[in-house]
Structures are given as C-alpha cells and as structure tokens.
Amino acid sequence: MHALSVHDLHHQFGRTPEVLRGVTMEIEAGTMTAIMGPSGSGKSTLLNCMSGLVRPTSGRILYRGEDLAQLSQRRLDRLRRTSWGFIFQSYNLIDALTALDNVLLPALFEGNRMTDAVASEALLRVGLSGFERRYPDQLSGGQRQRVAIARALATRRDIVFADEPTGALDSTSRKEVMQNVHALPAMGSTVVLVTHDPTVAVAAARVVFLYDGRIVGDESGLSSRQISERLVDLEARPC
Ligand SMILES: Nc1ncnc2c1ncn2[C@@H]1O[C@H](COP(=O)(O)OP(=O)(O)OP(=O)(O)O)[C@@H](O)[C@H]1O
Ligand SMILES: [Mg+2]
C-alpha cells in the first residue's frame, strides 16, 4: 500500500510561473524518502501540497488511497493533528507554552493520553533534558527546532513530513536528531524529508531530485558523495 501518491501535480502561486510542473511519485509506507534540489526548485511547495497545507492548482494527492481534495476540512485537520507529524523550518512552537507542554500539545488535542514522562523522554532523545520548563524565547533556534522534533517523535505518526529538520543544528545535534528520524521507518512511520544535506539524505532509502518544479532523478542507494555530485550538477544547470 502506498502511504502517499501524487499524480501530475501542478502548482502556481497567483500569476507567477508554475512552481510545480507535473510531479508524479509514489511513496511506500514505512520508508524514508529525501527530496533534494536547488533553492527555489519547489521542494517545500511539494511537501506542503502533500501534507494538505497548500491546495495544488491541479493534480491529485492520495493518502492511503484517499484523495485529499475529497476530504472534508474537518477530516483533514484531524489527520494533520493525529496521524501526521510535522518538522518544519518555522518550528511552529507556541510561545506561551514550555518546551514540555509544546511536546504534549498534540496529545492534548487527542484527549491527553501522553504523560509528562513520555514527553520528557522525547526531549531527552533530542538532547534537551533539563530544558522542559523553558519557553521558546528562552531557547536558541536549534533548541527550538529540537523541541519541534521531539514533539513529532513523541507520538507515533503514520507520516512525518520534515522540511530541513537539521537546518539550524550543529553537527552533534544533527547526528542526535537524525538518529531519531532514521529510527522512524522501523517503527512503522513513513518519512518524507526535504534536505540540502547529503549526509542527512544518505540515510533515506530513496532520493528524489527536483529541478524547476519537475522530478529529474529518483534513485536508491546513492552514497553521500554521489548525492553531492548530483546536487552540484543541478545547481550548475541554467534555468
Ligand atoms: N507563497 C508564495 N507566493 C509566491 N511564490 C512563492 C510562495 N512560496 C514559494 N514561492 C516561490 O515558489 C518557488 C519554489 O519555492 P519553494 O519554497 O517550494 O522552494 P524550495 O525548493 O523549498 O527552496 P529552498 O531550498 O530555498 O527552501 C520559489 O521561486 C518561491 O519564490
Ligand atoms: Mg524550502
């Protein structure tokens, strides 16, 4: 069963040229797929369409066979709150809540089944033990990002969408976080990850390369060196 399939996706913001120009791909459940490509190639837009944040201009997105466009807003909101996890560039933390409560928040929506101990354990896994009572404005950018990651890791999610999850992290935190993200497929989650970092992408079973809104490569088993070479090639292409 495909966790996600995307058919002939096109997207255009207003009157600008198309940002996605016919993207078709299928993502097997329980796998990790990295999406890579030059800045502006449409990676975040593709991820935002797949996760129901942006409605594409045309094309279809199926989540476990169900067309996202046919789902009620209520059902989509529920999926996004309870079945999907998000690790985004903008963190999406609530400023008025502590780190611990930010991790607990999705569980609160579901009826408060997560204990403080589970949330603390998730913070420990991303190297933030002792930071439970801090508010987002008392944390560095990288620490905030790790709280967002702990939140996505604390409850099992059917799909985790990650956009540059290690963008603001130093190499030690990056390793810790990626160990956790890499463990997700073994626990049954599907991971779709946008990254510029070949050392992060190499752990994905599959790397999809985007260029100017189109898929220009879809490969498995590349080394980080091969991934870097592909990226350098794409970045050197004329638009
Ligand atoms: N809300 C928006 N309105 C208009 N144009 C947008 C909007 N969001 C993105 N774009 C444009 O769409 C194109 C693709 O953007 P997108 O954010 O998907 O790129 P990306 O591959 O994620 O880049 P980066 O690696 O820099 O994050 C860019 O040219 C961008 O300027
Ligand atoms: Mg982006």
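Taken together, the values in this text are just the output of simple stated rules run on the coordinates, not laboratory data. Because the structure is predicted, anything quoted here is derived from the model rather than measured. Backbone-built Cβ (ideal geometry, glycine too); neighbour counts: all protein chains shown.
Of all DSSP bridge pairs formed entirely within the chain, close to 55 percent run antiparallel. Projecting the Cα positions of ALA119, VAL202, SER5 onto the charge dipole of the chain (unit charges on Cβ atoms of Lys, Arg, Asp and Glu, taken about the Cα centre) puts ALA119 furthest along the positive direction. Assuming a ≥ b ≥ c are the square roots of the Cα gyration tensor eigenvalues, decide whether region 87-206 counts as rounded (a/c under 1.5), prolate (otherwise, with a/b larger than b/c) or oblate. Oblate, because a/c is 1.5 or more while a/b does not exceed b/c.
Using a simple spin-label model with pseudo-atoms 7 Å out from Cα toward Cβ, ARG214 and TYR135 lie 5.1 nm apart.
The share of C-alpha pairs in the chain whose separation exceeds 23 Å stands at 49 percent.
The C-alpha atoms of the chain define a longest principal axis, and helix 99-109 lies at about 70 degrees to it.
Tell me whether region 63-105 comes out rounded, prolate or oblate; compute the Cα gyration tensor, take square roots of the eigenvalues as a ≥ b ≥ c, and use a/c under 1.5 as the rounded threshold.
prolate
Any idea what the dipole of region 103-239 comes to, in debye rounded to 20, about its Cα centre with Lys/Arg Cβ at +1 and Asp/Glu Cβ at -1?
Working: 16 positive and 17 negative charges, 59 e Å.
Dipole magnitude for region 103-239 comes out near 280 debye.
For region 183-232 versus region 13-39, the inter-centroid distance based on Cα atoms is 12 Å. Look at the alpha carbon pairs under 8 Å that are at least 6 residues apart: their mean separation over the length of the chain gives a relative contact order of 27 percent. Please label the shape of region 109-150 as rounded, prolate or oblate, based on the square roots a ≥ b ≥ c of the eigenvalues of the alpha-carbon gyration tensor (a/c under 1.5 means rounded; beyond that, a/b larger than b/c means prolate, else oblate). Prolate.
Between ASP233 and ARG156, the C-beta separation translates, for a Förster distance of 41 Å, into a calculated FRET efficiency of about 0.65. Ranked by the mean number of other Cβ atoms within 10 Å of their residues, highest first, the peptides 149-158, 119-128, 19-28, 75-84 come out as 149-158, 119-128, 19-28, 75-84.
Largest first and in whole Å, give the semi-axes of region 20-125's equivalent ellipsoid, each being the square root of 5 times a Cα gyration tensor eigenvalue. Present the calculation step by step, with values, prior to reporting the outcome.
On the way: eigenvalues 165, 61, 36 Å².
Each semi-axis is the square root of five times an eigenvalue, giving 29, 17, 14 Å.
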